[in-house]
Every structure is written in C-alpha cells, then in structure tokens.
Amino acid sequence: MITKKVQIQLANGLEARPVAMLVQVASQHDSTIYIQSAGKKVNAKSIMGMMSLGLDNGESVEVVADGADEEAAIASIESFLGGK
C-alpha cells in the first residue's frame, strides 16, 4: 500500500467533468485507489463518491493505492490532479 499527499491544481477544482476524467484514469488500474480529504475516504473509481468530496483547486488530498500496479496508479492520479 502506498499513500501520497497531492495538491489539486485544476483551474475549476473537481467539478463534474474533471471528476469523470479522474474516475477514468483510476479505472485503468487494477489497484484499489482511495482519495482522502477532511476525514472522508472515497473510492477514486466512484463518480458519486468523488463528487461528494467537493474538492477545489489548491486543496491537498491523500491518494491511497493498494495492489499490483499501485505505483503506476499513484503516479497517474498525481499527474492528473497536478494538471499535467
């Protein structure tokens, strides 16, 4: 299991379209991926869960991945949230 703090650097934060894109990025990996913020922990592969976090640009979250491709999963989530 890998945990990494990531700062969101998306102009409009995580609105509907960026959340859908994040879920697609997460779904490409076999690992279980969670995003934690303000005491909430949601599955990064769940659109409804991710929308419930209501994350804005500049906020920091913890990304937790566990599985065979956890390092690649963390890297791709970090890249997406970093606006790359």
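The values are calculated or read from the model by the stated rules, or taken from the named source; none is laboratory data. All of these numbers come straight from a predicted model, not from anything done at the bench. Cβ: placed from backbone, ideal geometry, glycine included. Neighbour counts: every protein chain shown. For the accessible areas, the whole protein counts, side chains as well, though only heavy atoms, and no ligand, DNA or RNA atoms are used. Shrake-Rupley method; radii C 1.70, N 1.55, O 1.52, S 1.80 Å.
Scanning region 23-47 for residues that are under 11 Å from the mean Cα position of the chain (by Cα), open to solvent by 90 Å² or more (accessible area, probe 1.4 Å) and within 17 Å of ALA75 (Cβ to Cβ) turns up just one, GLN24.
Within region 55-77, one or more residues are open to solvent by less than 10 Å² (accessible area, probe 1.4 Å) and modelled with pLDDT under 95. When MET50 is tested against (1) aliphatic (A, V, I, L, M); (2) open to solvent by 20 Å² or more (accessible area, probe 1.4 Å); (3) touching a Leu at 6+ places or on another chain (Cβ under 9 Å); (4) part of a helix (DSSP H, G or I), only condition (2) is not met. Kindly provide the set of residues from region 54-84 that are hydrophobic (A, V, I, L, M, F, W, C) and more than 10 Å from ILE8 (Cβ to Cβ), ordered by number. Within region 54-84, VAL63, VAL64, ALA65, ALA68, ALA72, ALA73, ILE74, ALA75, ILE77 qualify. Of everything in region 1-22 that's closer than 10 Å to SER46 by Cα and crowded, with 19+ Cβ neighbours inside 10 Å, which residue is farthest from the chain's Cα centre (by Cα)? Ranking the qualifying residues of region 1-22, first place goes to VAL19.
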